[in-house]
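No value in this document is a laboratory result; all are computed from the given coordinates. What you see is a predicted model, and the numbers here were worked out from it, not measured in a lab. Neighbour counts run over all protein chains shown; Cβ positions are idealised from the backbone, glycine included.
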Amino acid sequence: MSNLFGISIDQLLDQKDFNNEIKISGTIPEENTIPILGRITASAPSGLVSDYEGEISIQPSTIKRYGRKGIFALRVLGDSMSRVIPDSAIAIVHKTCEWEDGDICAVTINGDDTTLKQVFHTERGIKFTPLSYSKFHAPWEYIKDEDEVDVMIHGVFLYGIILTDKM
């Protein structure tokens, strides 16, 4: 069995501790990195913090699909999107104004309040839905012709990266 699975007999019989960590060395090509431009809340909307944190390596297939200038990264603050991306993780966002119902978007409301939320068109306006494990976050809706609000979609969330140590 050890030959079949490519492991030692000690590992098969669990008789010794063994290290299964894989270490990768070298440098990551610059074309596989994008800047972390700042921070966005995943809680009640608040101001976007432009605070360059450096570069982060992302999947080359993402860069190939959207182009290096067509994506950006933001650090997520808060837990209103914790079912999708936890607090302090990095959100990779496709820079676009086009979105579909159910997309998670980086949004600015009234010029300075920003948030990361799932977004839906409604008959009455636009609805923002948190995807949180916490029961303290609830969806809200802006109603056309009743709420004077300016909503700007900056991009659609692609995926999150959880860093084990801060950059």
PRE reach from Lys135 (point 7 Å along Cα→Cβ): which of the stretch 64-108 fall under 20 Å by backbone N?
-> 79-84
Quick one: Cα centre-to-centre distance for the stretch 83-146 and the stretch 147-161, in angstrom?
-> 6 Å
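DSSP loop chymotrypsin sites (Phe, Trp or Tyr not before Pro) in the stretch 59-167 with at most 12 other Cβ atoms within 10 Å of their Cβ, which ones? Display every interim value, and only then the final one.
Values: sites: Tyr66, Phe72, Trp99, Phe120, Phe128, Tyr133, Phe136, Trp140, Tyr142, Phe157, Tyr159; in loops: Trp99, Tyr133, Phe136.
Those that pass, being in a loop and sparsely packed, are Tyr133, Phe136.
What value in Å³ per residue do you get for the convex hull of the alpha-carbon atoms in the stretch 44-167? The partial results should precede the final answer.
Values: hull volume 14.1 nm³, N = 124.
Convex hull of Cα atoms, per residue: 114 Å³.
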R0 of 22 Å, Cβ-Cβ distance Cys97-Arg124: FRET efficiency to nearest 0.05 | 0.55
Modelled label-to-label distance, Ser88 and Asn110, 7 Å Cα→beta-carbon offset: nm?
-> 3.1 nm
